[in-house]
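**Q** Have a look at the structure that comes next, please.
Just so it is clear, none of the values below were taken in a lab; they were calculated from the coordinates. Because the structure is a prediction, the values reported are computed rather than measured. Neighbour counts are summed over all protein chains in view; Cβ atoms, including those assigned to glycine, are modelled from backbone coordinates with ideal geometry.
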């Protein structure tokens with residue numbers, strides 16, 4: 001976290017604040033995607049730090065908070081679709097082993113939707129595994 005705060009402070013010192021804001025957005029996009037181990041409180045602490053560091057911070061912080069909320073919604077949607085996929089595999093193909101269930105939960109929504117769309121075509125778990133990346 002300290003590295004992130006230092007990065008924010010360094011960006012604030014750049015002459016070209018428009019570019020600094022673009023870099024900051026890129027930094028936070030990376031943080032939201034790569035640092036899944038950060039808590040909601042840590043995310044909101046970072047957003048608050050931006051609000052207090054940049055004059056235009058409140059607008060940027062609101063945008064970042066919206067990104068964070070959307071990420072949460074997307075994760076919830078993916079979790080629901082993964083659970084539905086497992087239920088359909090169980091009902092129409094066979095009960096999947098734990099490794100297959102885990103793999104289903106790692107898939108992108110588009111892959112899960114493809115599996116659901118073709119569930120009636122699968123005869124074995126091996127058929128399902130061909131769609132799992």
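**Q** Starting from one equal scatterer on each C-alpha and no solvent at all, send me the Debye-based log10 I(q)/I(0) for the chain at q = 0.16, 0.19 Å⁻¹, two decimals.
**A** Here the Debye-derived log intensity ratios amount to -0.78, -0.94.
**Q** One quarter of the convex hull surface, Cα atoms only: what value does that give for segment 71-133 in nm²?
**A** 3.8 nm²
**Q** When the chain is modelled as a GNM with alpha-carbon springs shorter than 10 Å, which of 49, 118, 105 fluctuates the most?
**A** Maximum among the listed residues: 118.
**Q** Where does each of 100, 128 land when they are ranked from fewest to most other beta-carbon atoms within 10 angstrom? All intermediate terms of the calculation are to be shown ahead of the outcome.
**A** On the way: 100 17, 128 23.
Ordered from fewest to most neighbouring Cβ atoms within 10 Å, 100, 128 come out as 100, 128.
**Q** Using only Cα atoms, tell me the angle between helix 40-53 and the longest principal axis of the chain; keep it within 0 to 90° and round to the nearest 10.
**A** 30 degrees
**Q** Specify the angular offset, from 0 to 90 degrees and rounded to the nearest 10, of the alpha carbon long axis of helix 2-12 from the longest principal axis of the alpha carbons in the chain.
**A** That works out to roughly 50 degrees.
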